[in-house]
Amino acid sequence: MDKKAYPAMRRIFFLCPMVCLLFLTSGCGLDKYYLLPSPVNINHLAVYTSNYGERYFEFFTNESDFDSAGDFKFSGTEVYYKIYSSSQTLESQVAVLNNLASSDSTSATAASRLMTSTSSGGYGYRPLRVQNFLSRSTLIPFTGDNQRVYIRLSDYQSGEDFSARILVDGLPLYGSSSRTIPVRNIPGSHTFNFGREGGNRSRDMPESTDDDVYYTSMSDGQKWFVALFAVASGMDVTYTPYYSNILYLGAVTIDADTQDN
């Protein structure tokens with residue numbers, strides 16, 4: 001999302017309190033309530049202290065239980081990320097978001113808090129995007145069937161099993177014949193290979209002023225910590241966006257002092 005589009009969405013969050021798990025539309029004079037189901041964990045939570053073999057994210061979209069809402073469009077599932085310079089800050093902010101998501105009284109505000117910019121009281125998470133498919137409006141498009149999503153942000157050595165990629169039901173996204181690689185949602189299509197040798201290393205290194213970075217200080221070399229959340233999205237007939245409750249997918253460490261992550 002470019003910098004011009006993001007403030008417009010931010011205003012929607014504040015003007016429309018119904019960016020939430022339950023949303024309301026009107027038809028024939030009667031109020032109707034619909035449920036936008038949130039994604040589902042599949043017993044793997046990425047932990048930033050784990051070794052490279054465990055540095056991946058995996059979950060199910062939750063589409064088959066969606067009760068068709070007429071003119072309402074279930075767009076699909078997005079994954080939002082944030083890069084932190086401090087694991088303590090990551091833990092603190094993730095705890096707040098998880099607390100919001102776990103309470104019936106506050107879960108309706110979790111998606112807004114996740115996405116709204118830090119200058120406006122949110123945490124400024126950005127939607128993950130895919131190299132060579134930056135124009136796609138939704139990361140995991142709606143199909144009506146629950147889909148198994150696998151994400152690895154960075155490469156470890158040169159093996160396919162530990163390569164940066166996004167898979168849906170074991171296949172690359174969008175019918176691609178090649179690996180679909182996750183990239184940061186800032187200008188330049190930066191990858192998450194912060195420590196890899198080669199022409200892109202300096203270009204891909206996070207900067208403290210990047211919109212997808214929460215920078216305090218670097219206390220442990222060049223280790224960065226990346227947290228991910230998944231959320232279902234859709235829109236009504238007025239093209240107003242709505243979101244499900246959020247699902248925490250975990251966090252990984254990416255060490256820019258090493259080539260392999």
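The values are calculated or read from the model by the stated rules, or taken from the named source; none is laboratory data. All values derive from a computational prediction rather than experimental measurement. Neighbour counts run over all protein chains shown; Cβ positions are idealised from the backbone, glycine included. Side chains are part of the model used for accessible areas, which takes the heavy atoms of the whole protein and leaves out ligands, DNA and RNA. Shrake-Rupley method; radii C 1.70, N 1.55, O 1.52, S 1.80 Å.
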Discussion item. Looking at Ser117, Ser107 in this structure, which one is more than 20 Å from Pro206 (Cβ to Cβ), open to solvent by less than 40 Å² (accessible area, probe 1.4 Å) and either within 15 Å of the chain's Cα centre (by Cα) or touching a residue at least 60 places away in the same chain (Cβ under 8 Å) (or both)?
Written reply: Ser107
Worksheet, complete the sentence: Taking region 148-167 and the residues there that are under 16 Å from the mean Cα position of the chain (by Cα) and buried (at least 20 other Cβ atoms within 10 Å of the Cβ), the one that is nearest to Val231 (Cα to Cα) would be Val149
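Do you know which residues across region 216-255 are in a loop (DSSP other than H, G, I, E, B), touching an Asp or Glu at 6+ places or on another chain (Cβ under 8 Å), in contact (Cβ under 8 Å) with a residue 40 or more places away in the chain and not charged (D, E, K, R)?
The answer is Val237, and nothing else.
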Fill in: Within region 210-245, considering residues that are of a type in the set (Asp, Glu), within 17 Å of Ser86 (Cβ to Cβ) and at pLDDT 90 or above, the one most open to solvent (accessible area, probe 1.4 Å)
Asp210
Item to complete: Those residues that are more than 20 Å from the chain's Cα centre (by Cα) and either open to solvent by less than 30 Å² (accessible area, probe 1.4 Å) or of a type in the set (A, V, I, L, M) (or both), I need them from region 39-70; list them, please.
Response: Ser50, Gly53, Ala69
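When you scan region 132-140, do you find a residue that is closer than 27 Å to Asn193 by Cβ, crowded, with 17+ Cβ neighbours inside 10 Å and not β-branched (Val, Ile, Thr), even just one? Can you show your working first?
Keep residues of region 132-140 that are closer than 27 Å to Asn193 by Cβ, which gives 132-140.
Then keep just the ones that are crowded, with 17+ Cβ neighbours inside 10 Å; that gives 139-140.
Of the ones still in play, those that are also not β-branched (Val, Ile, Thr) are 139.
Yes.
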Discussion item. Considering only region 246-255, I want to know if a residue exists there that is β-branched (Val, Ile, Thr), over 12 Å from the mean Cα position of the chain (by Cα) and open to solvent by 10 Å² or more (accessible area, probe 1.4 Å).
Written reply: yes
Worksheet item: Filter region 193-209 for residues that are outside any loop (DSSP other than H, G, I, E, B) and open to solvent by 60 Å² or more (accessible area, probe 1.4 Å); which is modelled with the lowest pLDDT?
Response: Arg201
